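Q: Shown below is the structure under consideration.
The values are calculated or read from the model by the stated rules, or taken from the named source; none is laboratory data. Just so we're clear, the structure is a prediction, and the values are computed from it rather than from any experiment. Note: ideal-geometry Cβ built from the backbone for every residue, glycine included; neighbour counts use all protein chains shown. To get the accessible areas, we keep the full protein, side chains included, count just its heavy atoms, and leave off ligands, DNA and RNA. Shrake-Rupley method; radii C 1.70, N 1.55, O 1.52, S 1.80 Å.
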Amino acid sequence: MQLKGKGVVIFGGRTGLLGQALTRAFRLAGARPVPLSSQDCDILDPRSVELLLDRRDPDLIVNAAAYTQVDLAEEQEEMAFALNATAPPLLASLAAKRLVPFVHFSTDFVFRGTKRTPYQPYDEPDPFSVYGISKADGERGLLRFGYERTLIIRTSWLFGPGKMNFVENILTLCETRNTLTVVNDQMGSPAYTPDVAAYTLALLARDETGIHHLANSGEATWHALATQAVTLAGLDCHVEPVPTSAYPTKAVRPAYSVLDLSRFIQATGVTPRHWQQALADYVLGDLKRGSVI
Ligand SMILES: NC(=O)c1ccc[n+]([C@@H]2O[C@H](COP(=O)([O-])OP(=O)(O)OC[C@H]3O[C@@H](n4cnc5c(N)ncnc54)[C@H](OP(=O)(O)O)[C@@H]3O)[C@@H](O)[C@H]2O)c1
């Protein structure tokens, strides 16, 4: 679709880590984004979503809202499922009613991590955390509903401006500590939110639907990502590699969740830049401007 002048309702677009980057990208493309938080419109309240859509009459609906607290989800199962599993098909049904495309975001955590080669969009989800199961249920609900103008984008390991994230957290901790321990036996695909947003628009420009994987190129462990961020920031802090067993968390994370990006590359002709390049932009650009470092 051509985005210039188009109204885009973005759930999560005002306060979400990815949503804020999407809002900027749509604005840059000449669209008219309507960024929302839970205060503006609660996606658990179908009536208020319908009223909002009637008022805004968007040309595109984007769902970047979710329950994203991976460990807390183990205790707040009901809330995680309401937001991640029940709400997405409801939003898709409202998009279908209005005959406008629907974009939904999902996660690498729908995979268990038993593979040792990158996960393809058609690999069967097999999560074991509540968060992962709820997100996989959301995907399944959308596929079952079957609205043909639905684009599901699985992304992973997000960092970017506008909200606290793993990279900013590491750099903030390094200001008060000489040593940090970070796990080095989980491998994934780091993704810079402005890049994921730009690549999302590239998919929309080609009217892509179905499931796509989006991240930066390359793979990393959390330890490698943290080390690279600390080096770029020029901080005097030692990042010690530790196994997952030394850092127990409520939710079990996949040991390997690298995303295969070839469907996106084939569809758009765009090869995502390497995460190290994107990280340099984030650490030396966004964070420096915001004087986090
Ligand atoms: N962060 C990651 O590393 C990561 C990795 C892979 C995939 N993803 C996926 O990417 C998407 C975006 O994640 P994110 O990290 O950007 O999320 P986030 O920063 O946690 O933002 C979540 C957004 O959802 C909104 N929201 C929560 N409950 C709502 C409700 N009841 N009604 C309306 N809006 C509500 C929040 O609004 P309030 O601020 O008002 O609460 C916020 O804007 C999600 O689908 C997530 O599963 C994220």
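Q: I'd like the residue in region 1-18 that is hydrophobic (A, V, I, L, M, F, W, C) and near the ligand (Cβ under 6 Å from one of its atoms) and, out of all such residues, is farthest from residue 164 (Cα to Cα).
A: Per the criteria, the residue is 11.
Q: Out of 124, 148, 168, 175, which single residue is acidic (Asp, Glu) and at pLDDT below 95? Full working, then the answer.
A: Working: 124 fails: at pLDDT below 95; 148 fails: at pLDDT below 95; 168 fails: at pLDDT below 95.
Only one candidate passes the filter, namely 175.
Q: Shifting gears a bit: Kindly provide the set of residues from region 138-196 that are charged (D, E, K, R) and more than 30 Å from residue 93 (Cβ to Cβ), ordered by number.
A: 168, 175, 177, 185, 195
Q: For region 67-84, what are the residues that are open to solvent by 20 Å² or more (accessible area, probe 1.4 Å) and of a type in the set (S, T, N, Q)?
A: Residues satisfying the conditions are 68, 69, 76.
Q: Filter region 45-66 for residues that are loosely packed, with under 15 Cβ neighbours inside 10 Å and of a type in the set (A, V, I, L, M) and give the result.
A: 51
Q: Out of (1) aliphatic (A, V, I, L, M); (2) more than 16 Å from the ligand (Cβ to nearest atom); (3) open to solvent by 30 Å² or more (accessible area, probe 1.4 Å), the odd one out for residue 180 is which?
A: (3)
Q: Output the residue which, of all residues in region 73-105 that are within 11 Å of the ligand (Cβ to nearest atom) and in contact (Cβ under 8 Å) with a residue 60 or more places away in the chain, is nearest to residue 10 (Cα to Cα).
A: By that ranking, first place goes to 103.
Q: Let me ask something additional. Quick one: how many residues across region 50-103 are assigned to a helix (DSSP H, G or I) and among the aliphatic types (A, V, I, L, M)?
A: Of the residues in that region, 17 qualify.
Q: Now a separate question. Got a sec? Which of 51, 44 is among the hydrophobic types (A, V, I, L, M, F, W, C), more than 9 Å from the ligand (Cβ to nearest atom) and more than 27 Å from residue 282 (Cβ to Cβ)?
A: 51
Q: So which of 236, 195, 185 ends up being within 27 Å of residue 22 (Cβ to Cβ), of a type in the set (Asp, Glu) and open to solvent by 10 Å² or more (accessible area, probe 1.4 Å)?
A: Unique residue meeting the criteria: 195.
Q: A further question on this structure: Every residue in region 145-160 that is over 14 Å from the mean Cα position of the chain (by Cα) and among the charged types (D, E, K, R), please.
A: Within region 145-160, 148, 149 meet the criteria.
Q: Any residue at all in region 157-165 that's open to solvent by 10 Å² or more (accessible area, probe 1.4 Å), at pLDDT 95 or above and more than 24 Å from residue 19 (Cα to Cα)?
A: Within region 157-165, not a single residue is open to solvent by 10 Å² or more (accessible area, probe 1.4 Å), at pLDDT 95 or above and more than 24 Å from residue 19 (Cα to Cα).
Q: Quick check: is even one residue across region 138-147 more than 23 Å from residue 80 (Cβ to Cβ) and either near the ligand (Cβ under 9 Å from one of its atoms) or not hydroxyl-bearing (Ser, Thr, Tyr) (or both)?
A: So far as region 138-147 goes, yes, one or more of its residues are more than 23 Å from residue 80 (Cβ to Cβ) and either near the ligand (Cβ under 9 Å from one of its atoms) or not hydroxyl-bearing (Ser, Thr, Tyr) (or both).
Q: When only residues in region 256-293 that are in a loop (DSSP other than H, G, I, E, B) and within 14 Å of residue 189 (Cβ to Cβ) count, which is most open to solvent (accessible area, probe 1.4 Å)?
A: 271
Condition check ((1) assigned to a loop (DSSP other than H, G, I, E, B); (2) modelled with pLDDT under 95; (3) among the charged types (D, E, K, R)) across all residues:
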position: 5; (1), (2), (3): yes, no, no
position: 13; (1), (2), (3): yes, no, no
position: 18; (1), (2), (3): no, no, no
position: 27; (1), (2), (3): no, no, yes
position: 35; (1), (2), (3): no, no, no
position: 42; (1), (2), (3): yes, no, yes
position: 48; (1), (2), (3): no, no, no
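Q: Collect the residues in region 118-144 that are open to solvent by 20 Å² or more (accessible area, probe 1.4 Å) and of a type in the set (A, V, I, L, M, F, W, C), keeping them in residue-number order.
A: Across region 118-144, the qualifying residues are 128, 133, 143.
Q: While we're here: Checking residue 182 against (1) touching a residue at least 40 places away in the same chain (Cβ under 8 Å); (2) over 25 Å from residue 111 (Cα atoms); (3) not in a helix (DSSP H, G or I), which single condition isn't satisfied?
A: (2)
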